[in-house]
Every structure is written in C-alpha cells, then in structure tokens.
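None of the figures in this text is laboratory data; all of them are computed from the coordinates on show. Only a predicted model underlies this, so the values are computations on that prediction, with no experimental measurement involved. Methodologically, a virtual Cβ is constructed for each residue, glycine included, from the backbone with ideal geometry; neighbour enumeration extends over all protein chains shown.
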Ligand SMILES: Cc1cc2nc3c(=O)[nH]c(=O)nc-3n(C[C@H](O)[C@H](O)[C@H](O)COP(=O)(O)OP(=O)(O)OC[C@H]3O[C@@H](n4cnc5c(N)ncnc54)[C@H](O)[C@@H]3O)c2cc1C
C-alpha cells in the first residue's frame, strides 16, 4: 500500500516536497493550501545558494529557461555613500551544475507547480483538528472534509496557524525589530554599482541588497531598516528619517512601487506531540533574512523529510528534528551576526568592521567555514 502524505501550505517548502514525492511511486500526496490560488505574478527576487540548487536539480531545475535566472559571481560591499569596501567571490562555492542563483520568486513557484498534477493542490483548505488513529493521522478541515494520512507535513509559513491547532498552544512569531522594503528597479538606476553583481550597501541601522533576477537584468531591491514597532508607517517617511538622511542620492532607488512588511522570526523549533507530524520551512523556523537562507532552508528541509520517509527509518521525527535544529542554530547565529555587522552605527567601529571585512573576504579558510558550511 502506498503511503499517504498531506502537506499543509503550498509555499516553496510544500511545493518542493510535492515534487520530490513525485519521484517515488511508494507515495501519494496532497497539498492543502489556504488561499484560492498560487500567486504567480509577484516579481520580487530570491537568492538560492548551492545547497538548495543541489536539491532543485534533482527535480529538473537545471532545465529551467536560462534567461529566467541569473548566476551572480560576486558580492560587493559598499558604504552608504557607494564607496566600495571589498568583494566576495561567490564562484568558490559553485560546482559544475550547482551555481549560486538569483531569480524571481514567482519563477521558482511556477517551476515547482508545473510538474504537479492539477489535483495535487487543493485550495481553500485549513486544518480544524487532527486525531491519532492507530498509526495514522486523521485530519478534519474547516469545511467539514477529512483525510487520513501516514504523515502530516506542515509548511504553512511563519505564522503557522496549523502548528498552534495541532500542539494546542498559540505560537506567536517575534517581531525582529526591523522592516523590509522591497522594489524592482531598472539597471539604469544603479549606475554607481556593478549591476552584474550582488551589491550590499551598509548604513546606520539599515542595509540594502540589490541583485539582478534574470538575464534581462531586472534588479531586485530589498532594504532592511531597524524600527522599534511593527505598526506600519508611511514608507516614504521611514526612508526620509533613516537612510536618505545619510545619502539623499539613494532616493533614486525608491522611485518605483514599494512594498514593506515587518520581519518576524520564530521563538524556537517545535517537535510535534504526534510522531508522524513534521514541521518544515518557515513553519519549522523562520530566520532573519540577513544570510538569505530562508528559501534555501525550506528546500533543504523538504529534502531531509523526503530522504527520511523514503528510508523506512523507525525514528524519523527525532532524526529530522536533531539535524534540523543543529542546522538552524548555525544559520541563525550567522544571520544575527550579519545583522549586527551590517547595521553598525559607531564611526570607529565602522572603520574596524570595514578593515576586518576586507581581510576576511580574502581569507579562504574563514570563508569556507563561515559560508561554505552553510552552502554545502
Ligand atoms: C525581506 C525578505 C527577503 C528574503 N529573501 C530571501 C532570499 O533572498 N533567499 C532566501 O533563501 N530566502 C529569503 N527569504 C525567506 C523566504 O522567503 C522564506 O523563508 C520562504 O519563502 C519560506 O517558505 P515556506 O514554504 O516555508 O513558507 P511560505 O512561503 O510562507 O508558504 C506558506 C504557504 O502556506 C499557506 N498557508 C498559510 N497558512 C495556512 C493554513 N492555515 N492552511 C493552509 N495553508 C496555509 C500560505 O498561503 C503559503 O502558500 C526572505 C524573506 C524576507 C522576509
């Protein structure tokens, strides 16, 4: 008998697991999604490091139209006045078929959706209750329907309402004390930067990241600014009171449509009360965005779950949890350290930071241990 898997949430994590399950005929699966449709128009960018490209290539990502993705080879560090501090060669992490990649999130979602059958995703579904039934999990949905499965994999994102329902406890993500402002801009607007590379501009309590998302060189801009409260203010006002005070020329980057949202992270990873329930992606742990690993870790966690449930392992939940927590701790520490380093305000500390950065980016063993471990 085939093992039946229910996946909750059709984000990057849920769709990746669906694609992996398609490669093993011992499984049947359904993805249950709260929304009516998948948003395929959203044009913001995403960076994927080689660790997740390795997984995606197993499901045909290397065949994705080459014009729809980009392989930046360098990360350039700048001060807020566009003075270049140093650069990091990203190619040292690349393998022959796995390369650091940037693309539009919607391109990735489209690719992940393409191979799934039309009935693999059921929309407008939310879990109401679960019950253990011998070795199985019985899921009741809010619309009155049911499903009985061997594994329930929860990937409903940072707010994971399903986790709160299952564990009978309210899990509230923590406001990280910062907001993200995103835009898509034209290559002409970044004449002070090298548009072939990823640019990281560091200011007081803020940083900006810009990179091309395809061969057409459409540029993604994300700006992270510290902000005490998560109550939304006018984006224009926030920019005027922060980075534009330091460099008014940055206004050129914020001419197009802007979107902003508060950044939340998880309080901590949770092992379910039910041994055949696993949390994946942001529902397992939501990272600060300063190592650009959220999506890559969603993909990695999907792959770990797939390998474990394919292996007839008796101890799936414990093994998955142990490995994921170890990985999460390392990435979380580095994301927080980057956040501190990118936002230094003290002028003397900035001089030291820049001196250190110049040395560290050329120190192969440091780079291999700081980033290579994450990207492997
Ligand atoms: C500013 C910013 C920049 C980022 N940049 C990068 C980057 O460059 N590289 C990178 O790797 N990561 C990046 N990330 C992180 C990355 O976007 C996320 O970590 C990743 O999308 C998480 O995927 P997921 O599938 O776990 O969750 P999500 O993408 O949030 O998907 C969850 C899905 O579950 C559905 N859902 C929600 N609730 C329910 C429910 N109750 N029942 C059913 N379905 C439900 C949602 O509708 C959604 O479809 C960034 C994040 C931020 C905030």
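Helix 316-342 and the longest principal axis of the C-alpha atoms of the chain enclose an angle of approximately 10°. Inter-part distance, the stretch 146-163 to the stretch 292-344, computed on C-alpha centroids, equals 18 Å. With Cα atoms as the point set, the stretch 1-46 shows a radius of gyration and Dmax of 12.5, 42 Å.
Among beta bridges identified by DSSP and lying wholly in the stretch 4-93, the antiparallel ones come to about 50 percent.
State the Cα centre-to-centre distance between the stretch 23-70 and the stretch 196-223 in whole Å. Going from one Cα centre to the other spans 22 Å.
Counting beta carbons within 10 Å around each of 224, 7 and listing the fewest first gives the order 224, 7.
Seen against the Cα atoms of the chain and their longest principal axis, helix 12-22 is set at about 50 degrees.
Packing, taken as the mean count of other beta carbons within 10 Å per residue, orders the peptides 86-98, 282-294, 8-20 from highest to lowest as 8-20, 282-294, 86-98. Axis of helix 294-310 versus longest Cα principal axis of the chain: the two differ by about 30°, to the nearest ten degrees. Hull volume per residue, based on the alpha-carbon atoms of the chain and their convex hull, is 140 Å³. Subtracting the Cα-Cα distance of residue 25 and residue 261 from 0.36 nm times their residue separation leaves 80.9 nm of extension gain.
For 162, 23, what ranking results if the residue with the fewest other Cβ atoms within 10 Å of its Cβ goes first?
On the way: 162 25, 23 12.
Neighbour counts put them in this order, fewest first: 23, 162.
Whole-percent P(r), the stretch 1-122, all Cα pairs, 5 Å bins from 0: 2, 9, 18, 19, 16, 13, 9, 6, 4, 2, 1, 0, 0.
For 124, 105, what ranking results if the residue with the fewest other Cβ atoms within 10 Å of its Cβ goes first? Before the final figure, lay out each step's value.
Values: 124 13, 105 19.
With the fewest neighbours first, 124, 105 line up as 124, 105.
Placing a label point 7 Å from the Cα of residue 79 along the Cα-to-Cβ direction, the residues of the stretch 205-248 whose backbone N falls under 14 Å from that point are 246-247. Computed with the Debye formula from one identical point scatterer per Cα of the stretch 237-294, without solvent, the log10 of I(q)/I(0) at q = 0.16, 0.18, 0.25 Å⁻¹ comes to -0.71, -0.79, -1.04. When peptides 367-375, 177-185 are ranked by their average number of other Cβ atoms within 10 Å per residue, the highest-first order is 177-185, 367-375.
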